[in-house]
Ligand SMILES: [Fe+2]
């Protein structure tokens, strides 16, 4: 397993990462803090407490089994009783409910502005849609965040699932029990179920997207005929080295379970892990390192070729969710309509834009905005994109601009859209008009026009 070290200077603290995806990592911030040859000795080095964090059932086959051992100054159990958090409005953030609607129309949201009042990462979370059940450990939720202040002496953890965080604006400096990750726009990170973390904003503001998956974990997709290389390489994922603080302070610990957020106060920082080992740990990935594989002859390939991470469903071969990126690249398909084709998919598609202009929408789909096309809802290129795509010279290679980065959360279960998202002022009620100009161009060899009548 690769143990290469990547170093990154940030502020006053140097952040160190270990390379690889799902490795059996080990890291110690204090020399000798990791027990040797066993997980929980009678007395741990430095009198630390040993604590296991499991990400799968104990009896899961070895290939999927995930757990880590943490060696900490005080154990997680030492906190006051948890109570429902008054900081979170369950109408705004949590999970979907039976009262939320299914929506077969195409939906699009303009970017939400940054908050006017003091808002940190957790209080700035807004659920857009979701499906399935965290209690049954099947399904997902999609959230967005918008914040203007760092979390202070507080942490959050999600017992419902893993969070894939996609920043659109502002660096996230995420302190976790395993170490610190710094994630700028253009990179993504995964913080797995149960891991406590706190988000600081070095840029003062932040906005972005989150895909939360229940009961399963993100993994790299199989490559099939593509071979052993291509798409996201395991070695490009980065997991933080151990980092700890020994700080006595009234610390608010927030915890999401069953879509509800609870909180407690403990007299010390939970980021007190001096050493850890295991394969269940947060990681980040720079989307610029994604190696696209695409057509070199004709036709627009299906978007699955751009899958960065996938979350398997409970049945073999299916997925709960895919995370797909549309990176800058050359487009070379000959005698082909090069933009995305018109389609109705069995999967539901939530799209976001990190920067630039998406190739299928010349207008109206903005960085920080979003769109949702659910199961079998037709969608595709807007009128302007169709017109230019059918008239462009398709014998010349074209470079999709380097300043464009779009992504998609492709999800299986049909989502219910949160009432707050449907009633948002930022819902683009004129979205369907982008296709209104798609007039009939039909003319058959006998001269039949668009109304089916012979024109001669
Ligand atoms: Fe689509």
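Taking the helices alone, the chain has a mean residue ellipticity at 222 nm of -500 deg cm²/dmol, built from -39,500 (n - 2.57) per DSSP H run of at least 4 residues and averaged over all its residues.
When only Cα pairs below 8 angstrom with a gap of at least 6 residues are kept, the chain shows a relative contact order of 19 percent. Extension gain, residue 291 to residue 260, is 7.3 nm, computed as 0.36 nm per intervening residue step minus the present C-alpha separation. Label-to-label distance, residue 38 versus residue 430, with points set 7 angstrom from Cα along the beta-carbon direction: 7.1 nm.
Name the shape class, rounded, prolate or oblate, that the alpha-carbon gyration tensor gives for the chain, where a ≥ b ≥ c are the square roots of its eigenvalues, rounded holds for a/c under 1.5, and otherwise prolate holds if a/b is larger than b/c and oblate otherwise. The shape class here is prolate.
Arranged from fewest to most other beta-carbon atoms within 10 Å of their beta carbon, 315, 435, 330 become 315, 330, 435. Across all directions, the average projected area of the convex hull around the alpha carbons of segment 291-429 is 9.2 nm².
Placing R0 at 56 angstrom, the Cβ-Cβ distance between residue 422 and residue 30 gives a FRET efficiency of 0.65 after rounding to 0.05. Subtracting the Cα-Cα distance of residue 78 and residue 298 from their residue separation scaled by 0.36 nm leaves 73.1 nm. For the pair residue 234 and residue 47, the difference between a 0.36 nm per residue extended length and the Cα-Cα distance amounts to 63.8 nm. If a spin label sat at a point 7 angstrom from the Cα of residue 118 along the line to its beta carbon, the backbone N atoms of segment 203-238 nearer than 20 Å would be those of 203-207. Using C-alpha pairs under 8 Å with a sequence gap of at least 6, the mean separation divided by the residue count of segment 11-110 gives a relative contact order of 17 percent.
Pop the C-beta distance of residue 99 and residue 57 into the FRET formula with R0 = 35 Å and round what comes out to the nearest 0.05. Result of the calculation: an efficiency of 0.60. Which of rounded, prolate or oblate describes segment 1-149 when judged by the alpha-carbon gyration tensor and an a/c cut-off of 1.5? Prolate, since a/c reaches 1.5 and a/b exceeds b/c.
For the listed peptides 237-250, 104-117, 390-403, 291-304, a ranking on the average number of other beta carbons within 10 Å per residue, highest first, reads 237-250, 104-117, 291-304, 390-403.
Since every read-out is calculated from the coordinates, none of them should be taken as a lab result. Just so it is clear, the model here is predicted, and its values are computed rather than measured. Please note: Cβ atoms are built from the backbone with ideal geometry, for glycine as well, and neighbour counts cover all protein chains shown.
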